[in-house]
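S.K.: Let me begin by handing over the structure; questions about it come next.
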Amino acid sequence: MSGKKIILIGLLMILSVFITMSGCATQSGGGENGPQQVKISLVDGILGAVMVEWQPVANASAYIVQFGDGSRFDQSSGEIKDTSWIAEDLYIFQQDPYKPGSKDTYKFRVLSVDSNGKKSKPSKTLNIKVYVCPPANITVTPGNKGQLIVKWEHVDGASHVNIKWGTVNDVGLAAGNDHTFEAPYGQGQYTINGLKDGTQYYVWLQTAAVISQEDITEWYDGDWSKAIPGTTIKPE
């Protein structure tokens, strides 16, 4: 299946499962003589899925979402009846061969259509960057001697989690102090062992995904989280 075919199929599907996902990026703004209170949210950076929401327009019979890769509006949802919509597979616009998590910026705007087929002026244009969220709500607490316990919330679509730690607040200097493991569902937890007593460490987490499309398999690492400090216990 070509990239274009994937776009057409993905964009015509309204996947209700995405509505329950928590996004890590949201933009909102008022309208410009078009639909008001438009909001766009990144709900899955791995799949390149963005939700668009807006306030209902009186006498509107349908809506159209226009979007593009940051330089122009070159795609459209077609007429839809709901006041929310999922744009999916956005990364395919500029990725050939298939590669998720392109970190491209996309622009969106919404128009309403009345019963006579007349289109309103477009809403305010909003921009959003498609990327893979790092794990959320990360905590680092001391465990037993030489241990730190790291907990976080699972990222939908993640197949693995990368973790790094070090005594300097620089993820680039944490080479060697790292580990990759399969992402658990629900709350994740990992115990770092062999640390110095009474020492402050910094911990970073990164979401990873292994995605296959036809005969192409890609390993994609998302963005590193911000540094989360934690201090091991000091023996008395």
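Quick note: the coordinates plus some simple rules give every number you see, no bench work behind them. Computed from a predicted model, the values in this text were never measured in an experiment. Heads up, the Cβs are rebuilt from the backbone with ideal geometry, glycines too, and the neighbour counts pull from every protein chain shown.
S.K.: May I ask you to derive the FRET efficiency for LYS234 and ARG72 from their Cβ-Cβ distance with R0 = 41 Å, giving the value to the nearest 0.05?
M.R.: Once the sixth-power term is evaluated, E becomes 0.10.
S.K.: At 0.36 nm per residue, and after removing the present C-alpha to C-alpha distance, how many nm does the segment from THR191 to GLU79 gain when stretched out fully?
M.R.: Contour length minus Cα-Cα distance gives 35.3 nm.
S.K.: Another question, then. Take the residue pairs LYS151/LYS234; LYS107/LYS151; LYS81/LYS124 and return only those whose Cα atoms are more than 30 Å apart.
M.R.: LYS107/LYS151
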